[in-house]
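Trainee: There's a structure below that I have some questions on.
The values are calculated or read from the model by the stated rules, or taken from the named source; none is laboratory data. As the structure is a prediction and not an experimental result, all values here were calculated from the model. Here the Cβ positions follow ideal geometry from the backbone for every residue, glycine too, while neighbour counts run over all protein chains shown. Side chains are part of the model used for accessible areas, which takes the heavy atoms of the whole protein and leaves out ligands, DNA and RNA. Shrake-Rupley method; radii C 1.70, N 1.55, O 1.52, S 1.80 Å.
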Amino acid sequence: MAAAGFLTSCQCPWAASSSGLAVTPTMNDTNAPVTVHRASGKLGKIERLDPALDSLLDQGAIIEKLAVGFDWSEGPVWMPGNYLLFSDVPMNAIFKWEPTNGVIIHISPSGYTGSTPRGGEPGSNGLTRDKQGRLIACQHGDRRVARWEKDKFVTVADKYEGKRFNSPNDVVVKSNGDIYFTDPPYGLPKNIDDPTKEIPFQGVYRVAGGKVTLLTDEITRPNGLAFSPDEKTLYVASSDPKKAIWMAYPIKDDGTLGAGRVFFDATAMQTGKKGLPDGMKVDKEGNLWATGPGGIFIISPAGKHLGTLATGQATANCAWGDDGSTLYITADMFLCRVKTKTKGAGW
């Protein structure tokens, strides 16, 4: 049984049927219910800008739709039991997807466990696994990074120097177990102007040995993050439309960061396209698969734009799955995937 107040996949009261999976947001009094359906066919197109992309994607590769109907899908992670978990932030739920069973609700509430309904984006956002394979979640509403353990969330970090975080957004775990995460204001009911905001900046942090360290506060809207395959570089996305960039920071021997540099600038590429730099993953060759204006940018380690998975949607995040060669994508109302010729870093 799950802890009191939590619904898990084995006891979810919403039943999937031919009419879809009806989902009502938990502890959210402003967002409407949604109905999730299986989906098929392709979404958008793949834009090829450099011949080097041919070594990463077949000419016939497509962005394949798996499910549709979410409010704002986010934070996918492939789990040891061979299934995908991902968030729907306004719905305050974590969904589970399997090839045979499709989509079910896995955990609800996922990011806000309070007793007073609130609006905005209260749910979990970025998800990852720790070294033991346990789920780690960024929780907007509870303003913390938490671990799912024994059918309940356990706090990993919720404060910096005694002040509550804004709303942890995305998270990665280093091979030594250190946890790195970003803390923009998107999960606060009134965003940057929320009166409950306690920290005057938006930071990138590390948790090591139970201690929280501020790594940088120079990014106005830090969002997605990823390590290079050798873990010597931390990439951080900036989802500020005035500075839509990806930063690259050298990681020092003690786990802190050196001076950052702009790795890629997409500020001028926003016209007519949905989305901003958000979640990302890195493949074994060090290429970034980074959500940005119009879809997922594929960028070489040298910073060359090789092509784009042009979903045409505001695309939030992605994750390697299956045998490490499939890229799963959360794109607004859609869950999608692309079969690639590479594998994720660490697979």
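Trainee: Output the number of residues of region 276-295 satisfying the condition of being in contact with a Phe, Trp or Tyr (Cβ under 8 Å, 6 or more places away or on another chain) and either within 15 Å of GLY344 (Cα to Cα) or basic (Lys, Arg) (or both).
Mentor: Going through region 276-295 one residue at a time, the tally reaches 8.
Trainee: Can you name every residue in region 235-275 that is over 15 Å from SER300 (Cα atoms), touching a residue at least 40 places away in the same chain (Cβ under 8 Å) and either among the charged types (D, E, K, R) or touching a Gly at 6+ places or on another chain (Cβ under 9 Å) (or both)?
Mentor: VAL236, ALA237, SER239, ALA244, LYS274, GLY275
Trainee: Those residues that are under 19 Å from ASP130 (Cβ atoms) and in contact (Cβ under 8 Å) with a residue 40 or more places away in the chain, I need them from region 185-214; list them, please.
Mentor: Across region 185-214, the qualifying residues are VAL204, TYR205, ARG206, VAL207, ALA208, VAL212, THR213.
Trainee: Okay, moving on. With the requirement that a residue be surrounded by fewer than 24 Cβ atoms within 10 Å (Cβ to Cβ), in contact with a Leu (Cβ under 6 Å, 6 or more places away or on another chain) and of a type in the set (A, V, I, L, M, F, W, C), what does region 291-308 give you?
Mentor: LEU306
Trainee: Can you pull out every residue in region 310-341 that is under 22 Å from ALA248 (Cα atoms) and touching a residue at least 60 places away in the same chain (Cβ under 8 Å)?
Mentor: Within region 310-341, ALA316, ASN317, CYS318, ALA319, TRP320 meet the criteria.
Trainee: Suppose the filter is more than 15 Å from the chain's Cα centre (by Cα) and either surrounded by 15 or more Cβ atoms within 10 Å (Cβ to Cβ) or part of a strand (DSSP E or B) (or both); does GLY141 pass it?
Mentor: In short, yes.
Trainee: Of the residues in region 234-262, how many are more than 19 Å from the chain's Cα centre (by Cα) and open to solvent by less than 30 Å² (accessible area, probe 1.4 Å)?
Mentor: Adding up the residues that qualify gives 5.
Trainee: All but one of (1) touching a His at 6+ places or on another chain (Cβ under 6 Å); (2) in contact (Cβ under 8 Å) with a residue 60 or more places away in the chain hold for ILE299, so report the exception by its number.
Mentor: (2)
Residue-wise test of (1) among the aliphatic types (A, V, I, L, M); (2) at pLDDT 95 or above; (3) in a strand (DSSP E or B); (4) more than 29 Å from GLY344 (Cβ to Cβ).
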site: LYS96; (1), (2), (3), (4): no, yes, yes, no
site: VAL103; (1), (2), (3), (4): yes, yes, yes, no
site: GLY111; (1), (2), (3), (4): no, yes, no, no
site: ILE136; (1), (2), (3), (4): yes, yes, yes, no
site: ASN176; (1), (2), (3), (4): no, yes, no, no
site: TYR180; (1), (2), (3), (4): no, yes, yes, no
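Trainee: Also, I was wondering about something else. Go through region 186-207 and give me each residue that's under 22 Å from TYR249 (Cα atoms) and not charged (D, E, K, R).
Mentor: Listed by number, the residues that qualify are PHE201, GLN202, GLY203, VAL204, TYR205, VAL207.
Trainee: Which members of region 122-138 meet the condition of being out of contact with any Asp or Glu (no Cβ under 9 Å at 6 or more places or on another chain) and either within 11 Å of PRO189 (Cβ to Cβ) or open to solvent by less than 10 Å² (accessible area, probe 1.4 Å) (or both)?
Mentor: Once the filter is applied, which keeps residues that are out of contact with any Asp or Glu (no Cβ under 9 Å at 6 or more places or on another chain) and either within 11 Å of PRO189 (Cβ to Cβ) or open to solvent by less than 10 Å² (accessible area, probe 1.4 Å) (or both), region 122-138 yields only ALA137.
Trainee: In addition: Taking ASP54 as meeting all but one of (1) modelled with pLDDT of 95 or more; (2) open to solvent by less than 20 Å² (accessible area, probe 1.4 Å), write down the number of the exception.
Mentor: (2)
Trainee: Here's a follow-up. Please specify each residue of region 145-155 satisfying the condition of being surrounded by fewer than 21 Cβ atoms within 10 Å (Cβ to Cβ) and either in contact with a helix residue (DSSP H, G or I) (Cβ under 7 Å, 6 or more places away or on another chain) or within 20 Å of ALA208 (Cβ to Cβ) (or both).
Mentor: ARG147, GLU149, VAL154, THR155
Trainee: Just one of ARG118, ARG38, ARG48 is among the basic types (Lys, Arg), farther than 23 Å from VAL173 by Cβ and open to solvent by less than 40 Å² (accessible area, probe 1.4 Å); which is it?
Mentor: Of ARG118, ARG38, ARG48, the one residue that is among the basic types (Lys, Arg), farther than 23 Å from VAL173 by Cβ and open to solvent by less than 40 Å² (accessible area, probe 1.4 Å) is ARG118.
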